[in-house]
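Everything below concerns the one structure shown next.
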Amino acid sequence: MKDLSLIRNFCIIAHIDHGKSTLADRLIEMTGTVSKRDMQDQILDSMELEREKGITIKLAPTRLIYDFEGKEYTLNLIDTPGHVDFTYEVSRSLAACEGAILLVDASQGVEAQTLANTYLALDNNLVTVPCINKIDLPSARTEEVKQEIEDVIGLDASDCPCISAKDGINIDQVLKAIITKIPAPVGDENKPLKALIFDSHYDNFKGAICLIRVFDGCVKQGDKVLMMQTGKVFEVTEVGIFVPNTKTVNSLSAGDVGYIAASIKTIADVKVGDTVTSAETPISHALAGYKEVQPVVFCGIFTVDRAKYNELKDALDKLKLNDASLQFAPEVSTALGFGFRCGFLGLLHLEIITERLEREFNLDIITTAPSVSYHVFKTNGQMLEISNPTNLPPAVEISRIEEPIVNTSIFTPPEYVGAIMDLCQEKRGIYKDMQYLDKKRVELKYTLPLGEIIYDFFDSLKSRTKGYASFDYEIAGFQEADLVKVDLLLNGEKCDALSLIVHKDKAYTRGRELTERLKKLIPRQLFEVPIQACIGNKIIARETISAMRKDVLAKCYGGDITRKRKLLEKQKEGKKKMRRIGSVEIPSSAFMSILKLDEDE
Amino acid sequence: MKDISLYIHIPFCEKKCAYCAFNSFCAKDDVKEKYISLLCDEIKRRKLPRIVKTIYFGGGTPSTLFPAQFKRIYDCIYDNFDVYDNAEFTVECNPNSITEELLKCYKSCRVNRLSIGVQSLSNKSLKKIGRLHDKQTALDKIKLARKYFDNISCDLIVGLEGEDGKALTGYAKQLLTLGIKHISCYFLEVYQNTPLFKMIEEKKYKPLTDEEQISAFEKLSNYLIDAGMERYEISNFAYPEYESKHNTNYWKRGEYLGFGISAHSFIDGVRTENAATLDDYKMGITTSEKLTVKEEDEEKIMLGLRCNLGVNLKELKVDLKENPYYKDYIKQGILTEKEGLVKLNPMFYQISNTIISNLFEK
């Protein structure tokens with residue numbers, strides 16, 4: 001019989017860049033989970049992109065063994081992503097734990113996501129243990145931050161561990177706090193199996209792998225298990241834990257975190273948040289599970305080479321195996337051909353997926369400008385959900401359009417309040433509240449259209465506050481707005497992939513910015529090319545790309561044909577990133593970059 | 001037996017021009033003698049059962065060779081190859097190095113065409129770009145050469161500082177008056193590591209902008225065409241029957257052998273380039289490339305569209321009509337097609353790179 005009092009299940013939550021992955025590294029190192037020789041930075045971040053960007057995208061669990069006061073404890077750590085796009089990943093791991101380490105940067109203090117993540121932890125009835133990181137920094141203001149944690153969050157921080165994960169200072173205090181403050185799991189391994197799937201990924205050999213937290217009962221190889229939501233039954237082929245690589249074990253029982261494989265062919269048969277129980281003696285009530293995540297940002301993805309459509313499809317299918325939140329459906333664009341309209345949790349998610357498509361699958365892709373999903377009410381009473389501006393019905397058929405809005409919370413030093421208010425104003429924000437959390441920190445609350453957030457809000461916020469402001473948002477429903485579609489004409493031909501839905505008051509400015517931007521991006525063509533922006537049939541802006549003048553190899557030296565041919569082949573090669581729309585050639589980057597034109601213009 | 005063209009590269013110059021990035025250099029007499037020996041060895045070594053239809057001495061400056069040196073090479077060619085009686089035989093000359101003695105020598109060696117590097121008729125320009133002649137020398141030497149030769153071509157550079165269309169047509173007029181039958185007009189190309197590049201960097205020289213060059217070229221081109229010449233290739237103008245047969249052979253992808261350093265050959269579908277340094281050349285180092293079907297098509301398209309010969313669709317392996325650009329170009333009047341022969345509208349010569357490369361297969 002296992003002693004549950006020697007198990008702790010916990011995760012680390014923090015604002016992005018406050019040092020979660022570094023602390024995880026130190027904990028792994030100190031407990032000797034990974035030998036010094038195999039240790040590397042961000043050890044739980046296995047994706048190339050995670051390491052490069054220094055962020056965690058997928059959650060990753062690992063089991064640590066630690067001797068404390070003569071007893072051997074099993075500590076299950078679940079590393080979580082920090083970026084707001086991946087909040088749902090955080091909430092998943094929380095449901096598998098009894099407690100959370102709340103990591104706060106000693107110089108930055110409490111930030112928007114510190115608070116947001118704390119609330120998430122409280123919602124999940126977790127014991128939250130504050131911990132101050134980066135005390136080695138010259139700018140560290142440990143005592144003040146302690147006070148902030150008490151004032152802003154309301155957690156007792158008087159004896160919280162003050163550490164430097166980077167330099168390995170006071171890491172033992174963190175381990176001590178985990179053991180002494182976070183409760184041990186409760187559960188009965190003699191009861192029927194009750195386990196939560198908190199994540200899944202796909203393995204080419206073993207099929208879908210379910211990451212589970214066992215609450216009651218026990219699971220071992222050969223057991224028949226029932227997925228309560230999907231109603232499917234599988235025979236368990238492998239049971240294991242993460243150390244942090246997978247290691248098979250005989251069984252997982254109440255209180256444990258690990259994985260099961262059961263020859264599950266399709267990832268669709270595994271629903272994250274589902275409850276796993278015994279097929280023979282099923283429990284009657286499933287665990288609460290999770291809300292299904294809905295994508296909020298959409299864009300079209302096409303291949304530069306039209307012939308690679310199927311490769312793109314395969315790549316998206318493969319990414320979807322490990323990323324249930326990615327959605328996609330076929331789309332046809334007159335300008336770009338066959339592709340997919342894809343839904344994402346946010347811009348970072350979008351950026352990560354497109355980068356993975358290019359790197360891991362070696363595809364040259366064209367991404368259209370991100371859009372949100374609008375509710376379009378037609379005069380005939382019909383309601384359409386439109387996430388592709390091209391599909392917006394003609395203005396006469398529309399009675400009203402509603403756009404998604406978000407509640408945002410912005411943390412900032414007081415001196416930037418004015419700048420942020422200006423920004424929110426420009427972005428059609430509605431002021432809700434402002435609170436001085438302490439002398440150095442103000443929390444501003446605004447309701448903003450999501451469409452404005454995805455349009456470089458984050459970059460503007462960072463640049464206007466010198467990077468001091470932090471920001472978090474949650475979807476807050478739909479709201480009517482005066483929106484119009486701006487179309488782009490190239491050489492008189494409409495390019496559907498460049499259409500945008502914008503607020504009427506901004507249409508002219510945006511149209512002008514867009515045409516100017518395209519003029520810069522599109523190289524000279526054989527003929528003069530007019531670029532026009534229009535609403536319906538009304539032209540609102542125009543620029544002209546003048547015709548190419550000199551592009552010729554003049555001399556042929558003593559029969560050196562090869563040099564000439566190679567120069568032209570090179571020129572052709574350089575065109576691979578171009579897409580031809582009518583008779584105009586456009587660099588594939590143009591479609592995405594039309595979104596990034598605010599500040600620098 | 002098949003026809004062939006011969007190219008002989010003479011890398012020597014009396015002085016290197018400010019814009020020059022070619023394989024040419026000033027050399028002492030013993031180096032020249034040595035080079036001629038190597039050249040003759042190569043001619044003997046590479047002799048082929050072909051009949052020679054054109055011979056071309058290029059450089060560098062072939063006219064820097066003394067008559068005796070020239071004759072040595074000439075003899076070697078005629079000893080080793082069958083040459084048509086009416087073969088076109090061109091020698092590139094600098095105005096400065098033309099002498100009556102040299103002209104007589106050429107005449108006796110069956111040379112029947114001269115290509116004179118005039119480049120400009122502005123003393124200021126000629127001096128700045130480091131040419132050894134001035135305007136008067138150029139005109140005098142052309143007059144002298146005309147006594148011996150009917151078929152003379154002159155080179156002009158488009159893009160030199162201050163030389164707009166008006167200046168260039170003025171030069172052309174003087175040249176035509178002197179009985180010049182062929183004019184090659186080249187854009188000034190500025191290469192890194194040339195004195196001209198440095199002068200431009202230091203703002204001591206200001207060539208025409210692209211726009212100005214195009215406009216100057218157009219004026220010059222219109223003038224020459226009005227004078228009865230035909231623009232039979234992007235950079236070449238000639239009165240009827242005076243087109244360069246040697247260059248036309250390149251464009252038609254006919255066979256040729258090139259002798260000397262950096263010289264190019266094209267035999268049996270293989271393109272070969274001789275080594276660029278004397279030492280490597282001495283050892284007989286060459287690089288060769290057997291063209292793929294795709295590369296052959298690309299050459300045919302590139303060369304055919306650059307001149308008034310056009311591209312014969314039947315000679316291509318690729319179906320050009322399947323190219324997405326082709327249809328548009330026909331529709332826009334950029335290309336014309338008549339009985340399978342496709343030509344580039346001369347209005348678009350100056351932006352032909354984009355058009356041609358777009359017609360290359362992916």
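List, in order, the whole-Hz ³J(HN,Hα) value for each residue of the stretch A:383-396 obtained from phi through the Karplus relation with A = 6.51, B = -1.76, C = 1.60 and θ = phi - 60°; use x for Gly and Pro.
10, 10, 9, 10, 10, 10, x, 4, 7, 5, x, x, 3, 5
Please compute the average number of Cβ atoms from other chains found within 10 Å of each residue's Cβ in peptide B:296-302.
Across the residues of B:296-302, the mean count of other-chain Cβ atoms within 10 Å is 3.
Measure off 7 Å from each Cα along the Cα-to-Cβ vector at A:His285 and B:Gln192, then give the distance between these two points in nanometres to one decimal.
That separation, rounded to one decimal, is 7.5 nm.
May I ask you to evaluate 6.51 cos²θ - 1.76 cosθ + 1.60, the Karplus curve with θ = phi - 60°, for each residue of the stretch B:15-31 and list the ³J(HN,Hα) values in order in whole Hz, giving x for glycine and proline?
Once rounded to whole Hz, the list reads 7, 7, 6, 5, 9, 7, 10, 8, 7, 8, 7, 8, 9, 7, 4, 5, 5.
Would you check the accessible area of A:Phe458, probe 1.4 Å, heavy atoms only, in square angstrom rounded to 10?
About 90 Å², rounded to the nearest 10.
Of B:Thr287, B:Leu335, B:Leu313, whose Cα points farthest to the positive end of the dipole of the stretch B:276-352 (charges on the beta-carbon: +1 Lys, Arg; -1 Asp, Glu; origin at the Cα centre)?
B:Leu335
For chain A, what does the helix formula give at 222 nm: sum of -39500 (n - 2.57) over DSSP H segments with n ≥ 4, over the residue count, nearest 500 deg cm²/dmol?
It lands at -6500 deg cm²/dmol.
What is the dipole size for the stretch B:3-251, taken about its Cα centre, with +1 at each Lys and Arg Cβ and -1 at each Asp and Glu Cβ, in debye to the nearest 20?
With only Lys, Arg, Asp and Glu charged at Cβ, the dipole is about 660 debye.
When the helix-only estimate is applied to chain B (DSSP H runs of n ≥ 4, each -39,500 (n - 2.57), divided by the residue count), what is the mean residue ellipticity at 222 nm, nearest 500 deg cm²/dmol?
-11500 deg cm²/dmol
Hey, if we sort A:Arg63, A:Arg359, B:Arg45, A:Arg579 by accessible area with the 1.4 Å probe, largest down, what's the order?
Solvent-accessible surface, decreasing: B:Arg45, A:Arg359, A:Arg63, A:Arg579.
Can you list the lysines whose alpha carbon sits under 17 Å from that of B:Lys124, skipping same-chain ones fewer than 8 residues off?
Filter leaves B:Lys135, B:Lys166, B:Lys203, B:Lys204, B:Lys206.
Which pairs in the list B:Lys327/B:Lys362; B:Lys128/B:Lys173; A:Lys206/A:Lys247; A:Lys308/A:Lys576 are over 18 Å apart, alpha-carbon to alpha-carbon?
Over 18 Å Cα-Cα: B:Lys128/B:Lys173.
Which of B:Gly60, B:Gly258, B:Gly130 moves the most in a Gaussian network model of chain B with Cα springs under 10 Å?
Taking springs between Cα atoms under 10 Å, the residue moving most is B:Gly130.
Please compute the per residue accessible area over chain A with all protein chains in place, 1.4 Å probe, rounded to a whole number of Å².
It amounts to 42 Å² per residue over chain A.
Comparing B:Glu202, B:Glu315, B:Glu337, which has the greatest mean-square fluctuation in the GNM of chain B with Cα pairs linked when under 10 Å apart?
Sorting by GNM fluctuation, first place goes to B:Glu202.
Can you flag which of A:Lys520/A:Lys575; A:Lys20/A:Lys462; A:Lys432/A:Lys466 are past 19 Å Cα-Cα?
Over 19 Å apart, Cα to Cα: A:Lys20/A:Lys462; A:Lys432/A:Lys466.
Taking 22 Å as the cut-off for C-alpha to C-alpha distance, list the pairs among B:Lys34/B:Lys198; A:Lys572/B:Lys321; B:Lys15/B:Lys141 that go past it.
The pairs that break the limit, which is 22 Å between Cα atoms, are B:Lys34/B:Lys198.
Straight-line reach only, C-alpha to C-alpha below 18 angstrom: list the lysines that A:Lys181 could link to, leaving out same-chain residues fewer than 8 apart.
A:Lys181 reaches A:Lys71, A:Lys146.
Please figure out what share of the DSSP beta bridges in the protein assembly as shown is antiparallel and state it in percent, rounded to the nearest 5.
So the antiparallel bridges in the protein assembly as shown amount to around 70 percent.
Could you order A:Met434, A:Met30, B:Met347 so the one with the most accessible surface comes first? Probe is 1.4 Å.
The ordering from most to least exposed comes out as B:Met347, A:Met30, A:Met434.
Any idea what the dipole of the protein assembly as shown comes to, in debye rounded to 20, about its Cα centre with Lys/Arg Cβ at +1 and Asp/Glu Cβ at -1?
Using only the charged Cβ atoms, the result is roughly 4440 debye.
Hey, can you grab everything whose amide H is under 5 Å from the amide H of A:Ile586? Only 5+ residues off in sequence or another chain; H modelled, so Pro and N-termini drop out.
Close amide H contacts, sequence-distant or interchain: A:Arg579, A:Arg580, A:Ile581.
For chain B, which whole percent of the accessible surface, found with a 1.4 angstrom probe, sits on carbon and sulfur atoms?
Answer for chain B: carbon and sulfur cover 52 percent of the accessible area.
Among A:Ser409, A:Leu489, A:Phe234, whose Cα projects farthest towards the positive end of the dipole of the protein assembly as shown, with charges put on the beta-carbon of Lys, Arg (+1) and Asp, Glu (-1)?
Selected residue: A:Leu489.
What is the dipole size for the stretch B:89-199, taken about its Cα centre, with +1 at each Lys and Arg Cβ and -1 at each Asp and Glu Cβ, in debye to the nearest 20?
That gives the stretch B:89-199 a dipole magnitude of about 280 debye.
To the nearest 10 square angstrom, how much accessible area does A:Val236 have with a 1.4 angstrom probe?
Counting only protein heavy atoms, the figure is 0 Å².
With every protein chain kept in place and ligands, DNA and RNA left out, what is the accessible area per residue of the stretch B:3-251? Probe 1.4 Å, answer in Å².
42 Å²
Interface size between chain A and chain B, please: total buried accessible area, 1.4 Å probe, rounded to the nearest 100 Å².
Rounded to the nearest hundred, the buried surface is 3700 Å².
Round to a whole number: what % of the accessible area of chain A belongs to carbon and sulfur, probe 1.4 Å?
Exposed carbon and sulfur together represent 48 percent of the surface.
Would you check the accessible area of B:Lys16, probe 1.4 Å, heavy atoms only, in square angstrom rounded to 10?
Number for this one is 80 Å².
Apply the Karplus curve 6.51 cos²θ - 1.76 cosθ + 1.60, θ = phi - 60°, to the phi angles in the stretch A:397-409 and return the couplings in whole Hz, x for Gly and Pro.
Ordered by residue, 3J(HN,Hα) equals 8, 9, 8, 7, 10, 10, 10, x, 10, 10, 8, 10, 10 Hz.
Out of the stretch B:258-362, which chymotrypsin sites (Phe, Trp or Tyr not before Pro) are coil in DSSP terms and have no more than 14 other C-beta atoms within 10 Å?
Counting only loop positions with at most 14 other Cβ atoms within 10 Å, none of the chymotrypsin sites (Phe, Trp or Tyr not before Pro) in the stretch B:258-362 qualifies.
From the residues A:Ser251, A:Gly222, A:Ala208, which one has its Cα farthest along the dipole of the stretch A:207-267 in the positive direction, the dipole being from +1 and -1 charges on Cβ of Lys/Arg and Asp/Glu about the Cα centre?
A:Ala208
Of B:Tyr84, B:Tyr186, B:Tyr223, which is the most mobile in a GNM of chain B whose springs link Cα atoms less than 10 angstrom apart?
B:Tyr84
Under 5 Å between amide H atoms, partner at least 5 residues away or on a different chain: which partners does A:Ile101 have, H built in plane at 1.01 Å?
A:Cys11, A:Ile12, A:Ile13, A:Val129
Around A:Phe478, which amide H atoms from residues at least 5 apart in sequence, or from another chain, sit under 5 Å from its own amide H, with H modelled in the peptide plane?
A:Ile405
Where in the stretch B:338-362 does accessible area fall by at least 20 Å² between the isolated chain and the complete protein assembly, at a 1.4 Å probe radius?
Those are B:Phe348, B:Gln350, B:Ile351, B:Asn353, B:Thr354, B:Ser357, B:Asn358, B:Phe360, B:Lys362, which lose 20 Å² or more relative to the chain on its own.
The values are calculated or read from the model by the stated rules, or taken from the named source; none is laboratory data. Owing to the predicted nature of the structure, the values given are computational and were not obtained by experimental measurement. Cβ coordinates were reconstructed from backbone atoms using ideal geometry, including for glycine residues, and neighbour counts include every protein chain displayed. With ligands, DNA and RNA removed, areas are computed over all heavy atoms of the protein, side chains included. Shrake-Rupley method; radii C 1.70, N 1.55, O 1.52, S 1.80 Å.
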